[in-house]
Amino acid sequence: MQSSEDIEYVIANRSDREAARNLLATFFYPEEPLTIAHRDGPAVTPDDMDNYLSFLDHNGVIVARLRSDHSTLVGISIGSPTDSALNVPIETRKFADIVAFLGLLYDRASLRALGSRPSYNVHALAVNPAYRGLGIGRRLMEEQIALAKQTNQRAFDSVTVDATGPFSARIMLQLGMKEIYRMRFEDYKDDQGNPVFRMAPGAEVITFEKML
C-alpha cells in the first residue's frame, strides 16, 4: 500500500516526454470533458497533445513520481502564464474549438478577476486513480502555486484554474481558491450556432482564482 511519503514532486524535462505523454493519454484525457464530449469524438488530436508537452521546454510541468521508481509517474500538473498557453500551430477543428472555448472563458472570467492579467494558469491536473486519496492532486497544485511565485522573468499576483470536473473543483476549494466565473458547456456554440460539446444538461466549467 503506497503512502504520501512514497511520492516525490519534481519539475519534468524533455527526458520525461514519453512518460508525460502516456500519463496524459491514460489518466487526463479520458476524464477531460473538453476532449471526450467534443462533437468530433473523444480521440486526442496531435496538436492538443503536442501543446501540453511543449510546456516541458518551459519548466511548467510538475510530476509526481514514485521515490522507488522514477520512471513511474502517478500525477501531473501543467502551468504557464495565461498569455503563453498556445505553443504549437492549430491543425484540427477540435483543437481550434477547444482553444476558442478557453479563450472566451478567459475573457469573461477576466471581467470578474481578483488580480491583474496575465495571471499564472494551471492548464492540466491529473492523478492515476490507483493513487488518489494521498493528496497528490492538492500537492501538485501547491507546487504550481509555488512555481508561479518563483518565476524570475515575470511577476504574477494570482493563479487561475478552469475546473472542468468535480475532482479538480474540490481541490481548488480546499486550497482556498475563489470562484470568479462559471459557464455551462451547452451555452457554447460555434459561429453557426451549433453546439460544440455534447454534455449532460447543466454541466459546466468553473474558473477559480487565488491571489499570491
> Do we find a residue being surrounded by 14 or more Cβ atoms within 10 Å (Cβ to Cβ), in contact with a strand residue (DSSP E or B) (Cβ under 8 Å, 6 or more places away or on another chain), under 25 Å from GLU5 (Cβ atoms) and of a type in the set (Phe, Trp, Tyr) anywhere in the stretch 146-160?
Replying inline: no
> Scanning the stretch 36-50 for residues that are in contact with a helix residue (DSSP H, G or I) (Cβ under 6 Å, 6 or more places away or on another chain) and touching a residue at least 24 places away in the same chain (Cβ under 8 Å), which turns out most open to solvent (accessible area, probe 1.4 Å)?
Replying inline: ASP40
> For the stretch 138-166, which residues satisfy the criterion of being touching a Gly at 6+ places or on another chain (Cβ under 7 Å) and of a type outside the set (A, V, I, L, M)?
Replying inline: GLN144, ASP157, SER158
> For the stretch 62-102, how many residues meet the condition of being open to solvent by 30 Å² or more (accessible area, probe 1.4 Å), in a helix (DSSP H, G or I) and of a type outside the set (A, V, I, L, M)?
Replying inline: 3
>> Can you tell me which condition ALA130 does not meet? The list is (1) more than 16 Å from ILE206 (Cα to Cα); (2) surrounded by 18 or more Cβ atoms within 10 Å (Cβ to Cβ), and all the others hold.
In response: (2)
>> I need the full set of residues from the stretch 1-43 which are within 30 Å of ARG198 (Cβ to Cβ) and small (Gly, Ala, Ser), in order please.
In response: ALA20, ALA25, ALA37, GLY41, ALA43
> From the set of residues in the stretch 103-124 that are among the polar types (S, T, N, Q) and either at pLDDT below 95 or not in a helix (DSSP H, G or I) (or both), which is surrounded by the most Cβ atoms within 10 Å (Cβ to Cβ)?
Replying inline: ASN121
> Picking from LEU53, LEU102, which residue would you name as being touching a residue at least 40 places away in the same chain (Cβ under 8 Å), at negative phi and hydrophobic (A, V, I, L, M, F, W, C)?
Replying inline: LEU102
> Do you know which of the residues in the stretch 180-194 that are in contact with a strand residue (DSSP E or B) (Cβ under 7 Å, 6 or more places away or on another chain) and open to solvent by less than 90 Å² (accessible area, probe 1.4 Å) is nearest to ILE145 (Cα to Cα)?
Replying inline: ILE180
>> Being farther than 24 Å from ALA109 by Cα, surrounded by 21 or more Cβ atoms within 10 Å (Cβ to Cβ) and free of Cβ contacts under 8 Å to residues at least 60 places away in the same chain is true for just one of ALA20, ALA25. Which residue is that?
In response: ALA20
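The values are calculated or read from the model by the stated rules, or taken from the named source; none is laboratory data. Since this is a predicted model, take the numbers as computed values, not measurements. Cβ: placed from backbone, ideal geometry, glycine included. Neighbour counts: every protein chain shown. Please note that ligands, DNA and RNA were not included when accessible areas were found on the heavy atoms of the full protein model with its side chains. Shrake-Rupley method; radii C 1.70, N 1.55, O 1.52, S 1.80 Å.
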